[in-house]
């Protein structure tokens, strides 16, 4: 029984050993399978990394290296739709753009160079014309210089400037360059609305016409052999002054930049013409005012003296006819005295209107005038100068000198003085005073400044330069003519 029990136990142990061996073998197989899977997964992962990461990066690196070597034809293959695919497409777009830029670089450099050269020519023309317009000269010289400067710069065959008569509104050919004599004769005078020039003057707009024209009108420009004409109005503040014409024998279109440049130049020309006209009007006004003042001075001095001489001549004739010799001699002496006084007045007026002091010669001119006055009249003169101040302008100096001259003339004629003092005190306000020790002036004559044209003229001259003039006089104690001229009014003006 015991042997059977042991056998069963041996059989059980053998079964257990067999099962354990089988499980051990199965476990080894599983371990080998897991090891194989691990090795295969690793290999697959490495392959995927190489395929999906390393290859795109290497392609991008190769493309960058080719770009560094200025090979702008380099492209990266797009093998996926992920981030590396987007990066590859972006690199390809960048490479294509750089390749296009590099291919057109020389052309764009040439274009920019031509553009800069054109701009430099425009600036040089604008500067040259602006400089020439600042040079002194009359309107004809101004316009002729403008035409001669613009004509070669634009490449035109001929050019002209026409001026508009403000009274009749007719358009007159003023200056020209390169036009044919027959064309000049035919186009010398036009009416507003007539031909292309008249149309531009009427509308105030720039016109560019290429022939043959569609309207088939017989334009003189076309008959003269010109294929294109540009017409630019010369205007300042909506006031049309004239026209600037450019003529071309070949068809030429007006480019926008050329139109802007020409309109700018013509605007400068219009301003320069207006300035010349204003200067001319100002000179005419100044001459007219001086003539009026001269007429008043002549009326106050020479005219009255001649009237007195006329009366004395009539009295002399009656004395001669009546045989009153002594009376005739006395009247003759008065006539000679009147003639001498008239001569002195004329000489004084001539010196008066020849005064043209410079910026630093004002005080010397006053001193010279006093020396001449003392030499002619024998009246002692004295000049006092004090203070520091800005120099007077030429107009202020001239008017002050005229006032001083008129005051000295009154001293010679009416004061019976023995001494005259002229005091000049510089400062923010100039004070010029002429004092004498003569018989003085009747106060009734100073109440309204009337009774003596010379006093009115002195006040007019003072008012012209913004000064105030006072006349202080005491009978038998002398007269003082005081002029106060503030310099700050120039800054306000």
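The values are calculated or read from the model by the stated rules, or taken from the named source; none is laboratory data. Treat the numbers as computed from the prediction; the structure is a model and nothing was measured. In this analysis, Cβ positions are derived from the backbone assuming ideal geometry, glycine residues included, and neighbour counts consider all displayed protein chains.
Do we find that residue 269 is surrounded by 20 or more Cβ atoms within 10 Å (Cβ to Cβ), at pLDDT 85 or above and part of a helix (DSSP H, G or I) in this structure? Quick ask: steps written out before the conclusion?
Values: surrounded by 20 or more Cβ atoms within 10 Å (Cβ to Cβ): yes; at pLDDT 85 or above: yes; part of a helix (DSSP H, G or I): yes.
Here the answer is yes, as residue 269 does meet what is asked.
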### Task
Kindly list the number of the only condition in (1) within 17 Å of residue 267 (Cα to Cα); (2) without any contact (Cβ under 8 Å) to a residue 60 or more places away in the chain that fails for residue 99.
(1)
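Out of 128, 137, I need the residue that is at positive phi, out of contact with any strand residue (DSSP E or B) (no Cβ under 6 Å at 6 or more places or on another chain) and surrounded by 13 or more Cβ atoms within 10 Å (Cβ to Cβ). Which one?
On the way: 128 fails: at positive phi.
Step by step, each of 128, 137 is checked, and only 137 is at positive phi, out of contact with any strand residue (DSSP E or B) (no Cβ under 6 Å at 6 or more places or on another chain) and surrounded by 13 or more Cβ atoms within 10 Å (Cβ to Cβ).
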## Note on the structure
Picked from the range 392-425 (must be in a loop (DSSP other than H, G, I, E, B) and closer than 22 Å to residue 460 by Cα), the residue modelled with the highest pLDDT is 392
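How about the range 425-438: which of its residues are surrounded by fewer than 20 Cβ atoms within 10 Å (Cβ to Cβ) and either under 16 Å from residue 363 (Cβ atoms) or over 45 Å from the mean Cα position of the chain (by Cα) (or both)? Break it down into steps so the answer makes sense when it comes.
The first filter runs over the range 425-438 and keeps only residues surrounded by fewer than 20 Cβ atoms within 10 Å (Cβ to Cβ), leaving 425-429, 431, 433, 437.
Selection gives 425, 426, 427, 431, 433, 437.
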## Note on the structure
Across the range 449-472, the tally of residues that are outside any loop (DSSP other than H, G, I, E, B) and either modelled with pLDDT under 85 or within 25 Å of residue 285 (Cα to Cα) (or both) stands at 14
## Note on the structure
Of (1) touching a strand residue (DSSP E or B) at 6+ places or on another chain (Cβ under 9 Å); (2) modelled with pLDDT under 70, residue 301 fails just (1)
